[in-house]
Amino acid sequence: MFTYIITKIVIGFVAGWIAGEISNSRKKKFWENVGVGLIGSFLGSWLFGMIGISFSGLIGSIIGAVLGALILLWLIKKIR
């Protein structure tokens, strides 16, 4: 369980950074993108699990987390 949480956090860090670069939100602080990545990691896992898509392995998990973070960044942009 502990390893799972640490892995999710590391994936969230990477996903936040990648999503920040893709969405051109470089004006945001690094830690804001990391926070979005952490939340996006769990969001991506949940969303894609709900529609029956699963990502396996480290690369698959990062892809799912990045997609979740991009969705979250899009929602934040729409709300603002």
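Among the residues of segment 17-27, which ones are modelled with pLDDT under 85 and under 13 Å from Leu72 (Cα atoms)? Result: Gly20, Ser23, Ser25.
Set side by side, the residues Gly52, Gly12 differ, and just one is of a type in the set (Gly, Ala, Ser) and part of a helix (DSSP H, G or I), which is Gly12. Among the residues of segment 35-46, just one is crowded, with 21+ Cβ neighbours inside 10 Å and more than 11 Å from Ile11 (Cβ to Cβ), namely Val36. Can you find a residue in segment 9-16 that is of a type in the set (Val, Ile, Thr) and under 17 Å from Ile71 (Cβ atoms)? Within segment 9-16, one or more residues are of a type in the set (Val, Ile, Thr) and under 17 Å from Ile71 (Cβ atoms). Among the residues of segment 47-63, those identified as modelled with pLDDT of 85 or more and loosely packed, with under 11 Cβ neighbours inside 10 Å are Met50, Ile51, Gly52, Ile59. Any residue at all in segment 28-49 that's farther than 21 Å from Lys78 by Cα, touching a helix residue (DSSP H, G or I) at 6+ places or on another chain (Cβ under 9 Å), small (Gly, Ala, Ser) and not in a helix (DSSP H, G or I)? Checked against the condition, which is being farther than 21 Å from Lys78 by Cα, touching a helix residue (DSSP H, G or I) at 6+ places or on another chain (Cβ under 9 Å), small (Gly, Ala, Ser) and not in a helix (DSSP H, G or I), segment 28-49 yields no hits at all.
The values are calculated or read from the model by the stated rules, or taken from the named source; none is laboratory data. On a predicted model such as this, the values are computed, not experimentally measured, just so you know. Don't worry about glycine lacking a Cβ; one is built from the backbone with ideal geometry, like all the others, and counts go over all protein chains shown.
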